[in-house]
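Encoded as structure tokens, the structure appears first; notes follow it.
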């Protein structure tokens, strides 16, 4: 029995081949296959990494991205511009007093003088450019010795751009009378639209006296 098995093994070997040679060849084949498999895996990993890099590059932010239509609309609709040019004090007691804006105070620091117990109107001249200004409002707050004595708010309206200046005349008012009404006053004037944009904000001083001069 053992002799027959030995002969079978011997016959299965190639001529001139030692018994350990087939095992070595099998190991070489397995090693070679393993090498090819590993090499291909590395290439796949590199390709995957390249794909990831390409995807990352594709998502790089290129800054603000506005649609062309939106940009054109923004260019077509600039913000309105309102310039208050002058304030005119109109009274039957003297010629109109036109004050350019910003006010230029006199030597005592007053922008203008009003006579006590006198009737007067204020008229503004202003220009509108670039776009329609909606809901333009005039506010004026007055203090005497730190106490607020007047707070006026007037809705002037909505104005479209034009080359010629607009004029707006406020209702007639009367200055306070009496010795206690005379003296120095501080005031703040503002022009603001519906969007809260302020076109003019100025603080100044004026005085009320017994006469105009």
Label points 7 Å out from Cα along the Cβ direction at residue 155 and residue 119: separation in nm? 2.8
Using a simple spin-label model with points 7 Å from Cα along the Cα→Cβ vector, what separation in nm is obtained for residue 98 and residue 141? 3.2
Gain upon complete extension [residue 180, residue 106; 0.36 nm per residue less C-alpha separation]: 24.3 nm
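Only the coordinates and a few stated rules stand behind these numbers; no lab work does. This is a predicted model, so every value here is computed, not measured. A quick note on method: Cβ atoms are made from the backbone with ideal geometry, for glycine too, and the neighbour counts reach across all protein chains shown.
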